[in-house]
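These notes are about the structure you will find just below.
What follows draws every value from the coordinates through simple rules; no lab data is involved. None of these values were measured; they are calculated from a predicted model. Cβ coordinates were reconstructed from backbone atoms using ideal geometry, including for glycine residues, and neighbour counts include every protein chain displayed.
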Amino acid sequence: MTNTFAVFFQFYRKFLIPSLLINLLIFSIGSPLFVIVLDKLFIAFIIYLFYRFISTKKELVFYYNLGFSRLQLFSLAILADIFLLSLCATINFLI
């Protein structure tokens, strides 16, 4: 379990800071939650296309060899992004 989390975090760490910045920017503008979720899904789709058709496709083979399918990686990334989104929403609500 711990090893699986470490491998996934290695994949997701490239998106962690940009995701947090986008979340904070969207919340600071005051967009409705529906717009925020659509934006995040659009960004996740762009990231998927980036990995699917650009030279980073070989990196997905690395994760596949470690036991992660493409669907698992991107599903976990979307779930992690939803968690960060809810965390930012909670912080924004408390402020």
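Considering only LEU85, LEU20, LEU49, the mean-square fluctuation computed in a Gaussian network model of the chain, springs between alpha carbons under 10 angstrom, is largest for LEU49. Think of the chain as having a plus end and a minus end, set by charges on the Cβ of Lys, Arg, Asp and Glu; of PHE83, ILE29, PRO18, PRO18 sits farthest toward the positive end of this dipole. In this simple spin-label model, placing a label point 7 Å from the Cα along the Cα-to-Cβ direction at both ASN3 and GLN72 gives a separation of 1.2 nm.
Listing VAL35, VAL7 from fewest to most neighbouring C-beta atoms within 10 Å gives VAL35, VAL7.
Starting with the fewest neighbours, write out LYS58, LYS40 ranked by other beta-carbon atoms found within 10 Å of each beta-carbon. Could you put the intermediate results ahead of the total?
Numbers: LYS58 7, LYS40 19.
The order, fewest Cβ neighbours first, is LYS58, LYS40.
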